[in-house]
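Below is one structure, written out as structure tokens; the observations come after it.
The values are calculated or read from the model by the stated rules, or taken from the named source; none is laboratory data. All values derive from a computational prediction rather than experimental measurement. Using ideal geometry, Cβ is built from the backbone for each residue, glycine included, and neighbour counts are taken over all protein chains shown.
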Amino acid sequence: MPLIPLAELPAKGITYSRNYLDRLIKEGRFPKPVFLSPRRRAFIETEIDEWVKTRVEQREVA
């Protein structure tokens, strides 16, 4: 299961600030990270891809 570091999220089109991402994660509106060390985190690529796909699908419905 490939991981995406926080710094590589913009390559997936996610350009939110770290503070905003933290807020979304806390609210359960963004996938939870995997902590690689106390200060380094990454995200499971399939969860990020699914999150983006869901945003696109919501746009198409609206």
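Could you grab the pairs with beta carbons closer than 9 Å, sequence gap of 6+ or different chains, first residue in the stretch 24-42 and within 17 Å of PRO10 (Cα to Cα) and at pLDDT 95 or above, second one β-branched (Val, Ile, Thr) and in a loop (DSSP other than H, G, I, E, B)?
Once the first residue is within 17 Å of PRO10 (Cα to Cα) and at pLDDT 95 or above and sits in the stretch 24-42, its partners that are β-branched (Val, Ile, Thr) and in a loop (DSSP other than H, G, I, E, B) give PHE30/ILE14.
Just give me the residues in the stretch 4-34 being surrounded by 15 or more Cβ atoms within 10 Å (Cβ to Cβ), in contact with a helix residue (DSSP H, G or I) (Cβ under 9 Å, 6 or more places away or on another chain) and of a type in the set (A, V, I, L, M), in sequence order.
Passing the criteria: ILE4, LEU9, ILE14, LEU21.
Which of (1) modelled with pLDDT of 95 or more; (2) surrounded by 14 or more Cβ atoms within 10 Å (Cβ to Cβ); (3) within 10 Å of the chain's Cα centre (by Cα); (4) not basic (Lys, Arg) is the odd one out, the single condition GLU50 does not satisfy?
Among (1) modelled with pLDDT of 95 or more; (2) surrounded by 14 or more Cβ atoms within 10 Å (Cβ to Cβ); (3) within 10 Å of the chain's Cα centre (by Cα); (4) not basic (Lys, Arg), GLU50 violates only (2).
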